[in-house]
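Trainee: The structure that follows is given in the form of structure tokens.
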Amino acid sequence: MTPTVATQELTRLFATGKTFFAAIDKITFALSPGEFTAIMGPSGSGKSTFMNIVGCLDRATSGSYALDGIDVATLSSDELADLRRNKLGFVFQQYNLLPRTSALENAELPMMYATVGARERRARARRALLDVGLDESHHLSNPHELSGGQQQRVAIARALVNNPSLILADEPTGALDSKTSAEIMKLFLRLNRERSMTILMVTHELDVARYSQRIVSFLDGHVVRDEPVAPAVVAGAS
């Protein structure tokens, strides 16, 4: 089976004056289809740099990265944009919703760039919102009319509408209280279990990371730990 994400000796250098430092240094990593993995590490550990490369928002200095078997380094800027649109769904800490646009229209946005027809866009967005637990009474609400947890559900629906190969979640509970965080993580867990969604999530909270199947810890640009989450903990999260 082809891994959804496969990196080999992945390195990203940044210049500091006349010298360079490695934000990530020779990272070899694989994420299988249907896997839910959390990345942890302190600030400056390299986890955000790694996620930017996996999300095709940045390019590695050396090493290789393949998404669904596609060598990302060989792609042009336009091809990378197509890859992001068709194979990746993004969920951010601050939701990144358009403020004067309804939940339904926010969920439609990725399909507009994919040239999906208006009727199909509306139907798929409505299904995605229902799938993440937002009934029709919320579909025409603008973000300021929704709670933080509801806004994050809209963001997750938006990430799902193009049926991506991979969901990238960057601190998805960072702006939420503990109760709402648990609700959002149970939603991710359900999507992973029922729809076999492949999810790669950055978090600094161990309680959040334990909803995943595997925790990969970064430190100073290296992977220092890669271990499965105890099955009892995963079962207890449902």
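Trainee: Please enumerate the residues belonging to the stretch 172-189 that are in contact with a helix residue (DSSP H, G or I) (Cβ under 9 Å, 6 or more places away or on another chain) and either of a type in the set (Phe, Trp, Tyr) or assigned to a helix (DSSP H, G or I) (or both). I'd like the intermediate steps shown before the answer.
Mentor: Within the stretch 172-189, the first condition is being in contact with a helix residue (DSSP H, G or I) (Cβ under 9 Å, 6 or more places away or on another chain), and the residues that meet it are 172-185, 187-189.
Answer for the stretch 172-189, where residues must be in contact with a helix residue (DSSP H, G or I) (Cβ under 9 Å, 6 or more places away or on another chain) and either of a type in the set (Phe, Trp, Tyr) or assigned to a helix (DSSP H, G or I) (or both): Ser178, Lys179, Thr180, Ser181, Ala182, Glu183, Ile184, Met185, Leu187, Phe188, Leu189.
Trainee: Identify the residue in the stretch 177-202 that is among the hydroxyl-bearing types (Ser, Thr, Tyr) and more than 21 Å from Ser147 (Cα to Cα) and, among all such residues, is surrounded by the fewest Cβ atoms within 10 Å (Cβ to Cβ).
Mentor: The residue in question is Ser196.
Trainee: Kindly provide the set of residues from the stretch 171-216 that are within 20 Å of Leu88 (Cβ to Cβ) and aromatic (Phe, Trp, Tyr), ordered by number.
Mentor: The one that is within 20 Å of Leu88 (Cβ to Cβ) and aromatic (Phe, Trp, Tyr): Phe188.
Trainee: Looking for something assigned to a strand (DSSP E or B), under 17 Å from Glu171 (Cβ atoms) and in contact with an Asp or Glu (Cβ under 7 Å, 6 or more places away or on another chain) - is there at least one such residue anywhere in the stretch 208-222? Let's see the steps before the verdict.
Mentor: If we filter the stretch 208-222 for residues that are assigned to a strand (DSSP E or B), which is where we start, we get 214-219, 222.
So of that shortlist, the ones also under 17 Å from Glu171 (Cβ atoms) come out as 215-218.
Restricting the remaining residues to those that are in contact with an Asp or Glu (Cβ under 7 Å, 6 or more places away or on another chain) gives 215-216.
Yes, the conditions are met somewhere in the stretch 208-222.
Trainee: Hey, another quick one. If a residue must be over 22 Å from Leu200 (Cα atoms), aliphatic (A, V, I, L, M) and outside any helix (DSSP H, G or I), how many such residues does the stretch 76-125 contain?
Mentor: 3
Trainee: Follow-up question, since we're still on this one. Residues Glu145, Glu120, Glu194: which one is touching a His at 6+ places or on another chain (Cβ under 9 Å) and over 22 Å from Ser48 (Cβ atoms)?
Mentor: Values: Glu120 fails: touching a His at 6+ places or on another chain (Cβ under 9 Å); Glu194 fails: touching a His at 6+ places or on another chain (Cβ under 9 Å).
Answer to the selection: Glu145.
Trainee: Does the stretch 48-60 contain any residue that is among the polar types (S, T, N, Q) and either exposed (fewer than 14 other Cβ atoms within 10 Å of the Cβ) or assigned to a strand (DSSP E or B) (or both)? Before you say what the answer is, go through the steps one by one.
Mentor: Of the residues in the stretch 48-60, the ones among the polar types (S, T, N, Q) are 48-49, 52.
Now drop any that are not either exposed (fewer than 14 other Cβ atoms within 10 Å of the Cβ) or assigned to a strand (DSSP E or B) (or both), which leaves none.
No, the stretch 48-60 contains no residue that is among the polar types (S, T, N, Q) and either exposed (fewer than 14 other Cβ atoms within 10 Å of the Cβ) or assigned to a strand (DSSP E or B) (or both).
Trainee: Please indicate, with yes or no, whether at least one residue in the stretch 30-45 is surrounded by fewer than 18 Cβ atoms within 10 Å (Cβ to Cβ), at pLDDT below 95 and at positive phi.
Mentor: Among the residues of the stretch 30-45, at least one is surrounded by fewer than 18 Cβ atoms within 10 Å (Cβ to Cβ), at pLDDT below 95 and at positive phi, which makes the answer yes.
Trainee: Of all residues being outside any helix (DSSP H, G or I) and under 27 Å from Ser178 (Cβ atoms) in the stretch 126-158, which is nearest to the chain's Cα centre (by Cα)? Just the residue, please. Break it down stepwise before answering.
Mentor: Here is the first cut: in the stretch 126-158, the residues outside any helix (DSSP H, G or I) are 132-135, 139-142, 146-147.
Right, trim to under 27 Å from Ser178 (Cβ atoms) and you get 132-135, 141-142, 146-147.
Values: Val132: 15, Gly133: 19, Leu134: 20, Asp135: 24, Ser141: 24, Asn142: 23, Leu146: 22, Ser147: 21 Å.
Selected residue: Val132.
Trainee: Just checking, does the stretch 16-32 include any residue being without any contact (Cβ under 8 Å) to a residue 60 or more places away in the chain, polar (S, T, N, Q) and under 30 Å from Ser141 (Cβ atoms)?
Mentor: No, the stretch 16-32 contains no residue that is without any contact (Cβ under 8 Å) to a residue 60 or more places away in the chain, polar (S, T, N, Q) and under 30 Å from Ser141 (Cβ atoms).
The values are calculated or read from the model by the stated rules, or taken from the named source; none is laboratory data. All values derive from a computational prediction rather than experimental measurement. Methodologically, a virtual Cβ is constructed for each residue, glycine included, from the backbone with ideal geometry; neighbour enumeration extends over all protein chains shown.
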